[in-house]
Ligand SMILES: Nc1ncnc2c1ncn2[C@@H]1O[C@H](COP(=O)(O)OP(=O)(O)O)[C@@H](O)[C@H]1O
Ligand SMILES: [Mg+2]
């Protein structure tokens, strides 16, 4: 593949990085674009899958026709067939008019089916038919209609496992998987991590007219060792948080660690180590005393945090509603994204309500920083009782939140889902899961 074409594509779509595996994905997408072949993009959540279907569409003969991106995981199960294939007026309660589905409006164009592994089995059967024959039937009709749509799909689930578990049709999988593209995780991309950090730091500095943050050599090395479970989305959110919250512009490993970045290199204890590099903590210098101290500090800080959280919930229940709604949204996404905000957090340094705090092991770090991002806690103050007196678990909080919201909305699930900022499908699942069905 002509390297120049790949570089041009990167520029056009704002794709940053030179990792060979990433270049290969872009090359395949460019090569396959002018064909009619189905493409299935694999990759963990946050690796940047969504840009490829657009690139494929724009470089195909369909580029002047419609392109739609549909997240199969967020469409409620009850309406997904109607969304995709359309319905006839009166075919179900609420079908007040005839409706065209995506397969009709995207005729001669491209449909990107994101999270395709989430499709219900009945919809998979319809999808297979339309892919094999170009034929489909609207919900509530018997008339066979024709369409010509190119499908590009993406998934972050293990499709082979989904097939083994009977959740995904094997025949559909082979039909979608004509051309597989495997997007690399961020941890594999090495020096691209730094390039992306710089890009996001620059973007946010432009947006808020602040000086861009930069990394010390040690901080750069730490980012290379970190595992990045939420991939590029997580990196972007991290840079945004640090850029806005940190008063320092030169970012050290210590600062990164207060934002949840851990030293994930092999041979470590797995706990966050404060201000030390890998060599200094080779297994030979392993100190159990130190480890015990750290575990004690960890337990103490958890106890204090639980106590704080409890007080916070009691005194700020209203404000918590919106934060919990945000949490719900994160739960809906890949679990690997948990703990990281998906959208830029917009708050000022003066705000009194602090943003969700990254999970931190060593509380002392705050005290050593000249500008603690959050209130610092004195470890000696921790009341051990509070460790046992655990408040509502996340699950219970969610359940309570759903019950409250349902009450506020007189049982209207659509409004409840809207208020909690989750899909109706997720709400239905949770209602069932929590046994709240009447
Ligand atoms: N190579 C890249 N360069 C710049 N930004 C990227 C890159 N890859 C992903 N992003 C950004 O990271 C975020 C997550 O990408 P997305 O395509 O939504 O991930 P996925 O669909 O795989 O979960 C988006 O904001 C996207 O713009
Ligand atoms: Mg996505």
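Things worth noting here:
- Only one of the numbered conditions (1) within 15 Å of ligand 2 (Cβ to nearest atom); (2) over 20 Å from residue 105 (Cα atoms); (3) touching a helix residue (DSSP H, G or I) at 6+ places or on another chain (Cβ under 6 Å) is not met by residue 9, and that is (1).
- The sole residue among 40, 52, 113, 75 that is outside the structural domain of residue 193 (by TED's automatic domain parsing), away from ligand 1 (no atom under 14 Å from the Cβ), touching a residue at least 40 places away in the same chain (Cβ under 8 Å) and under 22 Å from the mean Cα position of the chain (by Cα) is 75.
Yes or no, residue by residue, for (1) in contact with a helix residue (DSSP H, G or I) (Cβ under 7 Å, 6 or more places away or on another chain); (2) modelled with pLDDT of 95 or more; (3) closer than 19 Å to residue 103 by Cβ; (4) part of a strand (DSSP E or B):
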{"residue": "141", "(1), (2), (3), (4)": "no, no, yes, no"}
{"residue": "151", "(1), (2), (3), (4)": "yes, yes, yes, yes"}
{"residue": "171", "(1), (2), (3), (4)": "yes, yes, yes, no"}
{"residue": "180", "(1), (2), (3), (4)": "no, yes, no, yes"}
{"residue": "187", "(1), (2), (3), (4)": "no, yes, no, no"}
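- Test: residue in the range 135-149 that is farther than 23 Å from residue 61 by Cβ, within 16 Å of ligand 1 (Cβ to nearest atom) and touching a residue at least 40 places away in the same chain (Cβ under 8 Å): no
The values are calculated or read from the model by the stated rules, or taken from the named source; none is laboratory data. Values in this document were obtained by computation on a predicted structure and should not be read as measured data. Cβ atoms come from the backbone with ideal geometry, glycine included; neighbour counts cover every protein chain shown.
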